[in-house]
There are 2 protein chains.
Amino acid sequence: MKDKNITEWEKIRTETGPDLTLFTARFDWVRNPRNAHILKATVLESPDWTNIVALTPENKIVVVRQYRFGIEESSTELPAGIIEPKETSQEAAIRELREETGYASDEWEYLGYVKPNPAFLNNRCHHWLAKNVIKQSEQEPDEGEDLVVGEMSMDEIKMEILEGRCRDSLSFSALAHVYDLSEILKNATRHNPLP
Amino acid sequence: MKDKNITEWEKIRTETGPDLTLFTARFDWVRNPRNAHILKATVLESPDWTNIVALTPENKIVVVRQYRFGIEESSTELPAGIIEPKETSQEAAIRELREETGYASDEWEYLGYVKPNPAFLNNRCHHWLAKNVIKQSEQEPDEGEDLVVGEMSMDEIKMEILEGRCRDSLSFSALAHVYDLSEILKNATRHNPLP
C-alpha cells in the first residue's frame, strides 16, 4: 500500500443526540474531501472497555455465561466491563474479574487494545492477561447482571464455539492475542449453515 | 463449566428509540431472574455485516484505508459493509469487495460469523475468504466513502498494527480465522503505552 495520506473530513456541525444508557449518541456533519458531499455521521461516545484472559494454574480459562440483551440469548464470554472514570484499564480489569467471577491474580500482563468499531464507536477495548488466577471471593454482580462462572480448557472453548455459544468478537480478539485461533475457527466454520 | 441453564430474562416492555442512521435504537425493560430487578436495556438493531479476507495470487491481503467518524482518524481495515435486504452474505461480500476495491474472485470460502457485541447489537458479522482476487474494475465508493486501497503482506499488516493504524476488532477477528495472530499481536503490545 502506498503511503497515501488520508484526508481528515471537515466537521461542519456537531450535535448531542439521545442518551442511550450505555452511550451518548452524537451526530457529526462531515464533508467528504473527495466530492464535498456532506454526511451526517452517528457516533456513539463510550468509555473504554476491558476484557480479561484469566488463566488458572492449570491453564484453564475463566469464562462467564450470561443472558445478553442485544442478541436475546445466552453467550459465553471472557469477563469484561466498562472502565470507570479515574480508573486505569488495569484497575478496571482487576475489579471486573473480581466482581464478575471472584477470581484474583498477582500476575497481570497488558495484551494491547482494539477499537471495537472505528466507524461509529469512539472507544477502545483493552485486553488483559491474568495468570495463575485463584478464586478468592464470591461474585459481586451488578443489579443488572446474572452470571454463571466457569473454567474451560481451550478444547472446551472450542466446543463452545463449535456449538454456537461463544461468538463474541471481543472475546475472540482477546483470545487471538494469546492463542492461535485459526485452526479452531476453521473447524467451527464447517458447522455453520451458509448464510 | 457445569452445564447450568441460563434463564432468559422476561421482557416487560419494549419501545422503539431514535433512528441513528446506522441502526434503530430499541429499549427493552427486562426482569433479572436472579433478583427481579427491572433493567432498561438499550439494543441497537442493525442488519448483518460482512468483511472479507481477500488474498491476491501472491497471498497479499487487500486492505482499505479510510477516515473513520467514530475514532475521528484513519484506519486500515479489511473491505467490509452492510448486507442489504434480500442479499445473502456472500452476495454482499462480493459486492462490497468490488465497490470498495475493484477486486473480484471466483474462489469464495465462508469463514463463519461473530457477534460484534452481544450486549447491545442484535446482528452478526460474517467473515469471508476470497482467494486469487484480481483487480477487475475501478472502485465505486458510496457518496459517504473516501477509500484508499492497498495490498499488504502479513508483515506489512504487522507494521500497520505495530504503528497503530490497524486496530479494528472485526478485521482482527476475520484475520484470526485464517492466520495465527498471537505472535504478531504480542509484539504489537510492547509498543503500546500502558493505559
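FYI, it's all coordinate maths here, none of it is from the lab. The structure displayed is predicted, hence computed values, not measured ones. Ideal geometry is used to build each Cβ from the backbone, glycine not excepted, and the neighbour counts take in all protein chains shown.
Averaged over the residues of peptide B:27-39, the number of Cβ atoms from other protein chains lying within 10 Å of each residue's Cβ is 3.
Going by the alpha-carbon gyration tensor, a ≥ b ≥ c the square roots of its eigenvalues, is the stretch A:59-135 rounded (a/c under 1.5) or, if a/c is not under 1.5, prolate (a/b greater than b/c) versus oblate? Since a/c reaches 1.5 but b/c is at least a/b, the shape of the stretch A:59-135 is classed as oblate.
Projecting the Cα atoms of B:133, B:104, B:121 onto the dipole axis of the stretch B:69-195, where Lys and Arg carry +1 and Asp and Glu carry -1 at the beta carbon, places B:121 farthest toward the positive end. Axis angle, to the nearest 10 degrees, between helix B:89-101 and the longest C-alpha principal axis of chain B: 50 degrees. Computed 3J(HN,Hα) for the stretch B:47-63, one whole-Hz value per residue from the Karplus formula 6.51 cos²θ - 1.76 cosθ + 1.60 where θ = phi - 60°, is x, 5, 10, 9, 9, 10, 8, 9, 9, 6, x, 8, 6, 7, 9, 7, 10, glycine and proline marked x. Close amide H pairs (under 5 Å, H built 1.01 Å from N) link residue A:37 with A:32, residues at least 5 positions away or on another chain. Placing a label point 7 Å from Cα along the Cα-to-Cβ direction at residue B:82 gives distances to the equivalent points in the other copies of 2.5 nm, listed shortest first.
Placing +1 on the Cβ of every Lys and Arg and -1 on the Cβ of every Asp and Glu, with no other charges, gives the protein assembly as shown a dipole of roughly 40 debye about its Cα centre. The trypsin sites (Lys or Arg not before Pro) found in the stretch B:61-94 that occupy coil by DSSP, while having at most 15 further C-beta atoms within 10 Å, are B:86. Taking chain B as a Gaussian network of alpha-carbon nodes connected by springs under 10 Å, the highest mean-square fluctuation of the residues B:141, B:18, B:79 belongs to B:18. For the options B:171, B:182, B:75, a Gaussian network treatment of chain B with springs between C-alpha atoms closer than 10 Å singles out B:182 as fluctuating the most.
Pair-distance distribution P(r) for the stretch A:1-53, from all Cα-Cα distances in 10 Å bins starting at 0: 22, 33, 28, 16, 1 percent. Sorted shortest first, the distances from the residue B:24 label point to those of the same residue in the other copies are 2.7 nm; each point sits 7 Å from Cα along Cα-to-Cβ. Summary for residue B:107: label point 7 Å along Cα→Cβ; distances to the equivalent points in the other copies, ascending, 4.2 nm. What is the protein assembly as shown by shape, rounded, prolate or oblate, if you read a ≥ b ≥ c off the alpha carbon gyration tensor as root eigenvalues and call it rounded for a/c under 1.5, prolate for a/b larger than b/c, and oblate otherwise? Because a/c hits 1.5 or more and a/b exceeds b/c, the protein assembly as shown counts as prolate. Evaluating 6.51 cos²θ - 1.76 cosθ + 1.60 at θ = phi - 60° for every residue in the stretch A:157-165, the Karplus couplings come out as 4, 4, 5, 4, 5, 3, 8, x, 8 Hz, glycine and proline recorded as x.
When the Cα convex hull of chain B is projected onto planes of every orientation, the mean area is 14.5 nm². Taking the Cα centre of the stretch A:49-189 as reference, the dipole from Cβ charges on Lys and Arg (+1) and Asp and Glu (-1) amounts to some 520 debye. For the stretch A:117-132, the Karplus equation 6.51 cos²θ - 1.76 cosθ + 1.60, evaluated at θ = phi - 60°, returns couplings of 7, x, 5, 9, 10, 9, 10, 10, 10, 8, 9, 10, 10, 10, 9, 6 Hz by residue, with Gly and Pro reported as x.
Spatial offset of the stretch A:17-68 relative to the stretch A:110-134 amounts to 11 Å, using the alpha carbon center of each.
In the elastic network of chain A, a GNM with C-alpha springs shorter than 10 Å, the most mobile of A:161, A:38, A:83 is A:38. Residue A:68 sits among other residues whose Cβ lies under 9 Å from its own Cβ, and their net charge, with Lys and Arg +1 and Asp and Glu -1, is -3. Around the amide H of residue B:120, modelled in the peptide plane, lie the amide H atoms of A:70, all under 5 Å away and 5 or more residues distant in sequence or on another chain.
What size of dipole, in debye to the nearest 20, comes out for the stretch B:18-70 about its Cα centre when the only charges are +1 on Lys and Arg C-beta atoms and -1 on Asp and Glu C-beta atoms?
With only Lys, Arg, Asp and Glu charged at Cβ, the dipole is about 260 debye.
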